[in-house]
1. Summing -39500 (n - 2.57) over the DSSP H runs of n ≥ 4 in the chain and dividing by its residue number, what mean residue ellipticity at 222 nm do you reach, to the nearest 500 deg cm²/dmol?
2. Under a cut-off of 12 Å between alpha-carbon atoms, report the aspartates and glutamates in cross-link reach of K271, not counting same-chain residues fewer than 8 places apart.
3. Expressed as a rounded percentage, what relative contact order does region 1-86 have, with Cα pairs under 8 Å and six or more residues apart?
4. With Cβ to Cβ distances under 14 Å as the rule, what net charge do the other residues near A311 carry (K, R +1; D, E -1)?
5. Report the gain in length on full extension from Y183 to K250: 0.36 nm times residue separation, minus Cα-Cα distance, nm rounded to one decimal.
6. Using r as the Cβ-Cβ distance of K96 and Y279, and R0 as 22 Å, what FRET efficiency do you calculate, to the nearest 0.05?
7. Between helix 168-188 and the chain, what is the angle of the helix's C-alpha long axis to the longest principal axis, kept within 0 to 90° and rounded to the nearest 10?
8. Out of all DSSP beta bridges with both ends in region 36-184, state the antiparallel percent to the nearest 5.
Amino acid sequence: MRVSKLFTKTSKTAPADEVAKNAQLLIKAGFIHKEMAGVYAYMPLGLRVLENIKKIVREEMNNVGGQEIMMTTLQPKDIWEKTDRWDDAKVDNWFKTKLVNGTELGVGLTHEEPIVDAVSNYLNSYKDMPFAVYQIQNKFRNELRAKSGLLRGREFLMKDMYTFCRDQQQHEQEYEKIVAAYYKVYDRLGLGSITYRTYADGGIFTPRFSDEFQTISEVGEDTIYVDEAKRVAINEEIFTDENIAKLGLKREELVQKKGIEVGNTFHLETKYTDALDLYYYDEKGDRQSIVMGCYGIGVSRIMGVIAELFADDKGLVWPENIAPFRVYLVGIGGEAAIKQANDIYEELKSNGIEVIYDDRDVRPGQKFADSELIGIPYRVTVSDRLMADNTYELVERKSGEKTILTHDQLLAKLN
Ligand code: ATP
Ligand code: MG
């Protein structure tokens, strides 16, 4: 990719009504475009980041046997009536719409009912379970406040997975397997050390707790109590003496922090499957209830979290496996330097290194500033002076560390 061809441009200012740091930075760097509060479009650089996050999530869900599907955004009302959720006052952030003939529809905010409905065409025997299906899809929620950029969208990208099991024991095994996959996802995203499995309210269907995955941050909307030694936390909403004891924790070992919910996994028991009349037949031919779990990850929220938490005063700082490109190449100087920059651009590309080449006719200072704002992990500079010594300058975005390398050292370092 050549910066001269990239249709987005960096800007010194973000929209006046944008108060969230993640969105301000992402807009200034040209990653996202604000349509309205809580609704953002992804430009080429932003989409590459989002795709990199999706890839990690997808790989880990596939590793635990998840089968990817794509459900629909338009949802029929009748299946939600069967679970008493269509008119449930607690589901107060639902966008609903109507067909021309007046038939009411839901606009997807979650997918338990539609998933059970779809699965019911195929599932009828104990031999069919366990299995897990998931999708990575835009969800729509009529959030009251959407002032946190990608952290709280009215349209946002979520990974939601659903498991179907023959009994509680099988469910527990699947559930813990998926929780283990969640840790891998957050580790690979560079959030592992600041993300805690957090006991939280289980929802209306189960007396059990759900597990939230909370990333520690001052901008978090949730208050949690962290036990650093045990690496778990409790959400304030269930922080009672009774629950603390039940979880084998101690009030005095918990430190109060702010967290951003980057994932949430639930035990759904047999609530949805029973209500939608989905059962299976066991070895004896007896009809049995099906135990479900559901597992969300806030994909676009995570992009906002990483943008917000890792940034410095110069701009975004992407971890290597999420960055839109690995190298930002800058050519400075006369014809010979530009020729060498062109050559190293082609060579890096042919080595499979993702490189964005700032070939614009602008001041070096602007190229450096943009490379920092955009947050590409490595900047490589070719200039007349460096060329005289047959060297390249490599600057690491995160540490700011500068090294002067020969051609072979540079390739060895980036390969
Ligand atoms: P919150 O409490 O933050 O409103 P939630 O508990 O309603 O979220 P879930 O239904 O558990 O959200 O959704 C699964 C995941 O999707 C959440 O853990 C979060 O990471 C993400 N998510 C939920 N709502 C939003 C939103 N409005 N914008 C971006 N991501 C969201
Ligand atoms: Mg939640």
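Readers should treat all values here as calculations from the given coordinates under stated rules, not as data from a laboratory. Because the structure is a prediction, the values reported are computed rather than measured. Here the Cβ positions follow ideal geometry from the backbone for every residue, glycine too, while neighbour counts run over all protein chains shown.
1. Values: 12 runs with 126 residues, N = 415.
Mean residue ellipticity, 222 nm, calculated: -9000 deg cm²/dmol.
2. Leaving aside aspartates and glutamates fewer than 8 places away in the same chain, those within reach of K271 are D84, E112, E113.
3. Numbers: 51 pairs, mean separation 13.2, N = 86.
With pairs under 8 Å counted, the relative contact order is 15 percent.
4. Numbers: positive: K21, K28, K314, R397, K398; negative: E218, E308, D312, D313, E372.
Around A311, the charge tally is 0.
5. Details: separation 67, 0.36 × 67 = 24.12 nm, distance 2.38 nm.
Length difference between fully extended and current span is 21.7 nm.
6. With a Förster radius of 22 Å, E is 0.15.
7. Rounded to the nearest ten degrees, it is 10.
8. Around 90 percent antiparallel, to the nearest 5.
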